[in-house]
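Chemist: The structure follows.
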Amino acid sequence: MAKHKPADKIQDIQYFGEYGGVNPSIADSSTFTYLEGKTMEEVFGGEREGCYLYSRHMNPSTGYLAEAIASMENTEAAQVAASGMGAISSVLMQICEAGDHIVSSRTIYGGTYAFMKNFLPKFNIETSFVNTTRLEEIEAAIKPNTKLIYCETMSNPLLEVSDLAAISKIAKKHDLKFVVDNTFTPLIFSPNEMGADVVIHSLTKFINGASDTVAGVICSTREFVHELIDVNQGASMLLGPTLDALRANNILKNLRTLHIRMKQHSANADYLARQFKALGLTVFYPGLEEHPQHQLMKETMNTEFGFGGMVMVDAGSIEKANQLMELMQNANIGYLAVSLGFYKTLFSAPGASTSSEIPLEEQKEMGLSNGMVRMSVGLDNDISRTFETIKDCMKTTNVI
Ligand SMILES: *Cc1c(COP(=O)(O)O)cnc(C)c1O
């Protein structure tokens, strides 16, 4: 469990607005004035820091959000991005050069997988995909030109949990950067305290929690964040995945309720997972004692936030999965939609949608049947009522 208390960091956020407002003022400007030409010269030359120049580089509103999330993740600094992929691609392009090699988990977000598999080879950066829950596979894949190890704390879509502390030891032994995507488990895990060098989130999901915007964040050392926004060398600066100040301000406001939401998402997901199991269905949920990494998670998580809001349940076939999801949507259980972390339950069939980048053969190997339904369980006040309705939908579609 983390030594620092991530939810206390949210409690401690305090920014005053320009007129003493209880919310920070929004810096609604792309560019910033200078009283003297000389000062601007010094900022460009890198001799002077802490001045705002242009919002692709730094902006007070994106800065507030970055600072709040860095504090939550207990890293020195952070840089926000216009999407989770903007954060991920910037980090990988910053650390790797042509000729380098990445060792990555193979059960990662589809977009990240596609970026590593299809896009990075254009720059002669190759990736070996391994099962990061097997430490020996990671060690075996490391080559002289390996630069980094990449994984998700809880992987999409099978909800496998990687042993971050153990992987970090391997990374340190081989002098590699360890990059962790913590999107599924904000507050639940504190990867920085388990040895991750860079912690990434898609803010689009639980952290913003409103399904109204796309955004991302990179949390790391002050030195790495400076590298990212370096005017001449920085991926965040030069690739330009810049988050707008208005959106950054909205996300900061939503961050304040993250701890309450995570507890409710987890409690509801745990309830549904146990009920599905009692119906005899195949269920993946790390809170269930039979989940392969249940014990590991129990020992390393920040327990008060539960085992997360994601549940996978096998409907038997893609046809049944589709029927069930359509019926659940009509019954107002939630939405047949990708993404996660919304107040309503979102469901999709990862075999056919979010993980479609992963070849069928590989999906089978991963234990991913095409009848799998992924649920991002919502904030329902009465989850037992929700379950009864889902059960009816399951009966109608012959899932049970
Ligand atoms: C959604 C997601 C991403 C990508 O984030 P965007 O904000 O959609 O660009 C990356 N990693 C994980 C685990 C995700 O769920």
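Chemist: On full extension of the chain, what length is gained from Cys51 through Lys3, given 0.36 nm per residue of separation minus the C-alpha to C-alpha distance?
Modeler: 13.9 nm
Chemist: Would you mind checking the pairs Lys117/Lys177; Lys5/Lys147; Lys117/Lys298 and listing those with alpha carbons more than 22 angstrom apart?
Modeler: Checking Cα-Cα distances, Lys5/Lys147; Lys117/Lys298 exceed 22 Å.
Chemist: From the C-alpha gyration tensor of the range 1-103, pull out the three semi-axes of the equivalent ellipsoid (sqrt of 5λ each), sorted largest to smallest, in whole Å.
Modeler: For the range 1-103, the ellipsoid semi-axes come out as 27, 25, 12 Å.
Chemist: Further question on the same structure: From the convex hull of the Cα coordinates of the chain, what is the mean projected area in square nanometres?
Modeler: Taking a quarter of the hull surface, the average projection is 20.0 nm².
Chemist: Taking the Cα centre of the chain as the origin and placing charges on Cβ (Lys, Arg +1; Asp, Glu -1), which of Leu243, Leu296, Gly63 is farthest toward the positive end of the dipole?
Modeler: So the residue furthest toward the plus end is Leu296.
Chemist: Suppose accessible area is computed on protein heavy atoms with a 1.4 Å probe; arrange His174, His294 from highest to lowest.
Modeler: Order by accessible area, largest first: His174, His294.
Chemist: Also: How big is the range 54-141 on each of its three principal axes, counting only the C-alpha atoms and giving the largest first in Å?
Modeler: Largest to smallest, the principal-axis extents are 43, 28, 21 Å.
Chemist: Here is a further query. Counting Lys +1, Arg +1, Asp -1, Glu -1, what net charge surrounds Tyr34 among other residues with beta carbon under 15 Å of its beta carbon?
Modeler: -3
Chemist: For Arg134, tell me the accessible area in Å² from a 1.4 Å probe, rounded to the nearest 10.
Modeler: In the full protein context, Arg134 sits at about 110 Å².
Chemist: Sticking with this structure for a sec: State, to one decimal in nm, how far the label point of Leu360 lies from the label point of Thr282, with both points 7 Å from Cα in the Cβ direction.
Modeler: With each label point 7 Å from Cα toward Cβ, the separation is 1.7 nm.
Chemist: Cβ under 12 Å from Asp100's Cβ, Asp100 left aside: what net charge do those residues give with Lys, Arg +1 and Asp, Glu -1?
Modeler: +1
Chemist: Here's a follow-up. What accessible area per residue, rounded to a whole number of Å², is obtained for the chain using a probe radius of 1.4 Å?
Modeler: For the chain, the per-residue accessible area is 43 Å².
Chemist: Measure of size requested: the Rg and Dmax of the range 123-279, with Cα atoms as the atom set and Å as the unit; please supply both.
Modeler: 17.6, 58
Chemist: With a sphere of radius 10 Å drawn around the Cβ of Thr221, what net charge do the other residues whose Cβ falls strictly inside it have (Lys, Arg +1; Asp, Glu -1)?
Modeler: Here the count lands on -3.
Chemist: Here's a follow-up. Using mean Cβ contacts within 10 Å as the protection proxy, how do 236-249, 271-284 order, highest first?
Modeler: 236-249, 271-284
Chemist: Right, next: Can you tell me the convex hull volume per residue for the range 76-117, based on C-alpha atoms, in Å³ to the nearest whole number?
Modeler: Looking at the range 76-117, the number lands at 98 Å³ per residue.
Chemist: Let me ask something additional. For the chain, what does the helix formula give at 222 nm: sum of -39500 (n - 2.57) over DSSP H segments with n ≥ 4, over the residue count, nearest 500 deg cm²/dmol?
Modeler: Taking each H run of at least 4 residues, the total per residue is -10500 deg cm²/dmol.
Chemist: Tell me, what is the FRET efficiency for Gln14 and Asn232 to the nearest 0.05, using R0 = 41 angstrom and their Cβ-Cβ distance as r?
Modeler: 0.70
Chemist: Using the alpha-carbon atoms, what tilt in degrees (0 to 90, nearest 10) does helix 164-173 show relative to the longest principal axis of the chain?
Modeler: It works out to around 50 degrees.
Chemist: I've got another one for you. Quick one: work out the % antiparallel among DSSP beta bridges in the range 6-255, nearest 5.
Modeler: 40 percent
Chemist: What does DSSP give for the range 259-396 in terms of the percent of beta bridges that are antiparallel, rounded to the nearest 5?
Modeler: 75 percent
The values are calculated or read from the model by the stated rules, or taken from the named source; none is laboratory data. Note that the structure is a prediction, hence the values are computed from the model and not measured. So basically every Cβ, Gly included, is an ideal-geometry build from the backbone, and we count neighbours across all protein chains shown. Just the protein is used for accessible areas: all its heavy atoms, side chains included, with ligands, DNA and RNA removed. Shrake-Rupley method; radii C 1.70, N 1.55, O 1.52, S 1.80 Å.
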